[in-house]
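This report concerns only the one structure given below.
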Amino acid sequence: MRLIVVSAGLSSPSSTRLLADRLAAATLDHAVDAELEVIELRDLATEMAQHFVTGFPSARLAAALDAVAAADGLITVTPVFAGSYSGLFKSFFDLIDKDALTGKPVLLGATGGTARHSLVTEHALRPLFTYLRALVLPTAVYAASEDWGESGLERRIARAGAELARFMAPAARRHAAPDVDTAAAIAPRSLTGAITSVDPTDGFELVPFAQRLAALRAE
């Protein structure tokens, strides 16, 4: 399996690359046989501009586009600019073949200076990859400056990585029952399979809805 990371950070080092690396590590915790490749878009900025003008990609840019098309799983991380993804990030995916991401599992990530931009993954990134017919994972990860070092961010990263690893797995494994650790990382579920915040192993009593409804009628 091939795991491709696309990072649109402009500085070195950057919080965008840091988030990308942590998401990749969380995914590899569950997909240990995956091969990892990181594409830094800032290194391809000039070549992307030339491609828009000439219509022909350089060998290095063509290799990056081919790597994304051939990936079994994709992690994309962008800094927030003017309330949305960066122009560099959008330019790269403008060059991707319109069918290259069809059905491909994609984990979304973004970084910004304030929590006020935390919905950028939903109002900007998710529609973009839905348009490209990618399989966009339920959990997206946004990291504001104050999030670094907080346990909440680490939990979101772990959950997102487990989701991506599960969807990267071959179809036979993907449709099999997940192992306990992966299932817990994706979402806790009740004895009926519904998502819940209660751990079913804690010994709580599950009362069927029909029984609850009958008790209300009796009152």
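Close Cβ contacts (under 6 Å, 6 or more residues apart or on different chains) running from residues in region 46-57 that are buried (at least 16 other Cβ atoms within 10 Å of the Cβ) to residues that are among the small types (Gly, Ala, Ser) and not in a loop (DSSP other than H, G, I, E, B) comprise MET48/SER91.
Only one residue in ALA34, ALA25, ALA8 is surrounded by fewer than 22 Cβ atoms within 10 Å (Cβ to Cβ) and modelled with pLDDT of 95 or more, so which one is that?
Working: ALA34 fails: modelled with pLDDT of 95 or more; ALA8 fails: surrounded by fewer than 22 Cβ atoms within 10 Å (Cβ to Cβ).
Among ALA34, ALA25, ALA8, only ALA25 is surrounded by fewer than 22 Cβ atoms within 10 Å (Cβ to Cβ) and modelled with pLDDT of 95 or more.
Of these, SER145, SER86, SER91, which one is among the hydroxyl-bearing types (Ser, Thr, Tyr) and over 14 Å from SER7 (Cα atoms)? After ruling out the rest, the residue left standing is SER145.
Checking the condition touching a Ser or Thr at 6+ places or on another chain (Cβ under 6 Å) and either within 23 Å of PRO127 (Cα to Cα) or open to solvent by less than 50 Å² (accessible area, probe 1.4 Å) (or both), which residue from PHE89, PHE93 passes? Step through it out loud before you land on a result.
On the way: PHE93 fails: touching a Ser or Thr at 6+ places or on another chain (Cβ under 6 Å).
Selected residue: PHE89, the only one of PHE89, PHE93 that is touching a Ser or Thr at 6+ places or on another chain (Cβ under 6 Å) and either within 23 Å of PRO127 (Cα to Cα) or open to solvent by less than 50 Å² (accessible area, probe 1.4 Å) (or both).
Taken over region 63-79, residues that are open to solvent by 30 Å² or more (accessible area, probe 1.4 Å) and in contact with a helix residue (DSSP H, G or I) (Cβ under 8 Å, 6 or more places away or on another chain) amount to 1.
LEU101 meets the stated requirement of being in contact (Cβ under 8 Å) with a residue 24 or more places away in the chain, surrounded by 22 or more Cβ atoms within 10 Å (Cβ to Cβ) and assigned to a loop (DSSP other than H, G, I, E, B). The requirement of being touching a Leu at 6+ places or on another chain (Cβ under 9 Å) and hydroxyl-bearing (Ser, Thr, Tyr) is fulfilled nowhere in region 126-137; no residue meets it.
Flag not set for GLY161, criterion: at pLDDT 75 or above and either of a type in the set (Asp, Glu) or assigned to a loop (DSSP other than H, G, I, E, B) (or both). Scanning region 117-124 for any residue that is among the hydroxyl-bearing types (Ser, Thr, Tyr) and either open to solvent by 50 Å² or more (accessible area, probe 1.4 Å) or over 19 Å from LEU135 (Cβ atoms) (or both) turns up at least one such residue. When region 135-156 is filtered for residues that are touching a strand residue (DSSP E or B) at 6+ places or on another chain (Cβ under 6 Å) and either touching a residue at least 60 places away in the same chain (Cβ under 8 Å) or surrounded by fewer than 18 Cβ atoms within 10 Å (Cβ to Cβ) (or both), the ones remaining, listed by number, are LEU135, VAL141, ALA143.
The values are calculated or read from the model by the stated rules, or taken from the named source; none is laboratory data. If you're wondering where the values come from, they're calculated on a predicted model, not measured in any experiment. Don't worry about glycine lacking a Cβ; one is built from the backbone with ideal geometry, like all the others, and counts go over all protein chains shown. Ligands, DNA and RNA are excluded from the accessible area calculation, which covers all protein heavy atoms including side chains. Shrake-Rupley method; radii C 1.70, N 1.55, O 1.52, S 1.80 Å.
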